[in-house]
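None of the figures in this text is laboratory data; all of them are computed from the coordinates on show. Bear in mind the structure is a predicted one, so any value in this text is a computation, not a measurement. Backbone-built Cβ (ideal geometry, glycine too); neighbour counts: all protein chains shown.
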Amino acid sequence: MLAKRIIPCLDVRDGKVVKGVQFRNHEVVGDIVPLAERYAKAGADELVFYDITASSDGRVVDKSWVQRIAEVIDIPFCVAGGIKSVEDAGRILEMGADKISVNSPALLRPELVRELHDTFGQQCVVVGIDSFFDVASGQYQVYQFTGDESRTQKTRWLTSDWVQQVQQLGAGEIVLNCMNQDGVRKGYDIAQLSAIRALCQVPLIASGGAGAIGHFAEVFQQADVDGALAASVFHKAVIEIADLKAQLIAAGVSIRP
Amino acid sequence: MSALVIVDTGCANISSVYFAFKRLGVDALISKDPRAIKAANRIVLPGVGSARQAMQNLQQRELIESLQAVQQPMLGICLGMQLLTAHSMEGDVPCLNLIPGEVLPLLADGLRLPHMGWNTLHSIAEHPLMAGIDGSDYFYFVHSFGVAANRYSLALCDYGNDFSAVIAKGNVAGAQFHPERSGKVGARLLQNFMEWQP
């Protein structure tokens, strides 16, 4: 049976892993390669590396660390951040990444998703979506440039519409980051993830809000997501992956031991 | 003569396959030169992307006849496995025709596609490639097309319906999953391949 995936997310800035709360006040957590290796050995099912400054700075970043990760780890990994073209994506994939994830550049030019699909195949193409619940309108809205607080802005897209749009363009997987929950460890946004699940025919990864082992069980059992992504609980050793997996298996979730 | 040549198919996962063998102590040669392929002890045919594009790449590199004439042990990975069969419906394209079978869209019985993530195998054959691997081991899959179970299947995987996770005929074998990204058990399959004497 296909296992649900546990996915540590490593935010990368200038070659270091960092972590902020609600996308702000980033602190250095450690070097990329040793952390990646540690998570792979601990039983992570996949890793995601987000270069959180790339899109908002408008620069091409040094991605040589991608190859160093590919050399040491034996589980799949995805790279996100600043991938604006088929050429950008090709370089990352050649260095050994299994998937590339696009966010702001896809919002600026949705055709990018189709081009990536047509060149590399659907399985390589992940679309990351930063979604914020606007209390005034009662709606989930897509935001862009979330790596830089001063440039973060609301887009014209409702999250549900954008999810359907990127699937039509050829996305192979969607990572839904629920911004209201990010970094606060109060649990995943089950209501939003369940609503998006109903519209999402490709694998859906939950992101934002994990703080306890019970949150993972909830999101798999109640929102039926394919994977759960988390950062600070792993970086700060609040949760050990081995404990998490043992408890999820005990709770009846399909998990790779 | 190289112990192992990884065929440069122009597809994406070549470096991860290279590094996986490197972790086993095998320094492979990545090549699209038919002479290097012919001289290799073993050959890996990697592949990610679409069958039509990959077959075009092989044709442009004038590798189709060389690969069809291979006498050494050869392992296709993911799309590379699918290219070993007679035909792929992904782009409706003839393939290398080394192992009977046809690549069809997965019949996932309503489950989400692509089939992406870690899954187990069943109906595992007694075969040197499968030594040390059992039904409790998880392998990493990413695909939307597959080869139905047939007499050349060495292991099946169930995702809505059974499909071939590993196939082999004579000196040629293929894995639908990515052994280079399947942790220790994936490394075991690659090690088995390096020791395989068909």
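What separates the Cα centres of the stretch B:124-177 and the stretch B:32-81 is a distance of 20 Å. When the alpha-carbon atoms of the stretch B:121-198 are used, the pair Rg, Dmax equals 11.5, 34 angstrom.
Comparing the stretch A:5-250 with the 2.2 N^0.38 Å rule of thumb, its C-alpha radius of gyration ratio is 0.92 (two decimals).
Taking B:Gly117, B:Gly174, B:Gly25 in turn, the Gaussian network model of chain B (Cα-Cα springs below 10 Å) assigns the largest fluctuation to B:Gly25. Legend: ranking of residues A:Ser101, B:Ser31 from fewest to most surrounding C-beta atoms inside 10 Å; resulting order B:Ser31, A:Ser101.
The C-alpha radius of gyration of the protein assembly as shown, expressed as a fraction of 2.2 N^0.38 Å, stands at 0.94.
Ranked by Cβ crowding within 10 angstrom, fewest neighbours first, how are A:Thr146, B:Thr9, A:Thr155 ordered?
A:Thr155, A:Thr146, B:Thr9
Ignoring lysines fewer than eight residues from B:Lys169 along the same chain, the ones with Cα atoms less than 28 angstrom from its Cα are B:Lys22, B:Lys32, B:Lys38, B:Lys184. In this structure, the amide hydrogen of B:Arg42, modeled 1.01 Å from its nitrogen in the peptide plane, lies closer than 5 angstrom to those of B:Leu4, B:Val5, counting only residues at least 5 positions away or on a different chain. Eigen-decomposition of the gyration tensor built on the alpha-carbon atoms of chain B gives equivalent ellipsoid semi-axes of 23, 20, 15 angstrom, largest listed first.
Across the stretch A:215-223, coupling constants 3J(HN,Hα) worked out from phi with the 6.51/-1.76/1.60 Karplus curve, θ = phi - 60°, read 5, 5, 4, 4, 5, 6, 7, 9, 10 Hz, and Gly and Pro carry x.
Across the alpha-carbon set of the stretch B:51-132, the Rg to Rh ratio works out to 1.01, Rh being the Kirkwood radius.
Taking other Cβ atoms within 10 Å as a rough exposure proxy, A:Ser160, A:Ser254, B:Ser153, A:Ser131 sort from fewest to most as A:Ser254, A:Ser160, B:Ser153, A:Ser131.
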